[in-house]
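Below is one structure; the comments refer to it alone.
The values are calculated or read from the model by the stated rules, or taken from the named source; none is laboratory data. Just so you know, these numbers come straight off a predicted model, no measurement behind them. Because the Cβ atoms are built from the backbone with ideal geometry, glycine has one as well, and the counts that use them run over all protein chains shown. Accessible surface is based on the protein model in full, side chains and every heavy atom, while ligands, DNA and RNA are left aside. Shrake-Rupley method; radii C 1.70, N 1.55, O 1.52, S 1.80 Å.
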Amino acid sequence: DVYFTSEPASGQSWDNLSPETPMMLSGEFNDGEVSVIWSNFVDEDFSHFNLYRNDELHVTLSDSQYVDVELPDLPLLTYSVSAVDYNGNESIPSSQASVNPHLMGDINDDFALNVLDVVMIMEHILGNILIEDLTYGDINEDGGVDILDVVILVNTIINNNGM
């Protein structure tokens, strides 16, 4: 057996390894809020998550879920999340989850289906008011806003309110 002995050396070690990317990101719009969740697997030196909305840092969190209550008036929101460790290393952002924060039938954009939406659609059908953007008024998506959309909207409102 041959052994080699040397004097102890000194040195430094830097952590430059990024944490694992969070997975299974999903988002859902309900009652004027977007709920976003993702996998909770974290590395030993985990610090926090960075949640991005439309590719801009929106909030930092220690939990693997978030409820976005201050929604911008946009037809589509995208969310992604990254993990950050105590040394500031950030993972690659997760795949994006896309969420449409509007309800079909929500003509006045108050994130609720109610009698005001019915009245606005009826006033438009009767020619009393002109609604420029009827994207969310064509509930049955047949290419026009008519009494069938009103019937569907009324039934939806009744069902949502347990009547």
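What pairs come out if I take residues in segment 109-138 that are more than 15 Å from Val151 (Cα to Cα) and pair them with residues that are at pLDDT 85 or above and charged (D, E, K, R) whose C-beta lies under 6 Å away, six or more apart or interchain?
What qualifies is Ile129/Glu123.
Name the residue that is most open to solvent (accessible area, probe 1.4 Å), counting only residues in segment 104-125 that are of a type in the set (A, V, I, L, M) and in a loop (DSSP other than H, G, I, E, B).
Met104
Restricting the search to segment 31-51, which residues are over 14 Å from the mean Cα position of the chain (by Cα) and not in a strand (DSSP E or B)?
Passing the criteria: Ser39, Asn40, Phe41, Val42, Asp43, Glu44, Asp45.
Every residue, every condition in (1) in contact with a helix residue (DSSP H, G or I) (Cβ under 7 Å, 6 or more places away or on another chain); (2) among the basic types (Lys, Arg); (3) closer than 15 Å to Pro93 by Cα; (4) at pLDDT below 95, yes or no:
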position	(1), (2), (3), (4)
Asn16	no, no, no, yes
Thr21	no, no, yes, yes
Met24	no, no, yes, yes
Asn40	no, no, yes, yes
Asp45	no, no, no, yes
Glu56	no, no, yes, no
Thr60	no, no, yes, no
Asp63	no, no, no, yes
Leu71	no, no, no, yes
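From Asn140, Asn155, Asn128, Asn159, grab the single residue that is open to solvent by 70 Å² or more (accessible area, probe 1.4 Å) and not in a helix (DSSP H, G or I).
From the options Asn140, Asn155, Asn128, Asn159, the qualifying one is Asn128.
Considering Ile125, Ile121, Ile131, which residue is on the phi < 0 side of the Ramachandran plot, at pLDDT below 90 and hydrophobic (A, V, I, L, M, F, W, C)?
Ile131
Could you please find all residues in segment 62-89 being surrounded by 15 or more Cβ atoms within 10 Å (Cβ to Cβ) and aliphatic (A, V, I, L, M)?
Within segment 62-89, Leu71, Leu77, Val81, Ala83, Val84 meet the criteria.
Just to be sure I understand, how many residues within segment 55-90 are out of contact with any Asp or Glu (no Cβ under 9 Å at 6 or more places or on another chain), touching a residue at least 24 places away in the same chain (Cβ under 8 Å), among the aliphatic types (A, V, I, L, M) and assigned to a strand (DSSP E or B)?
Residues that pass the stated criteria total 1.
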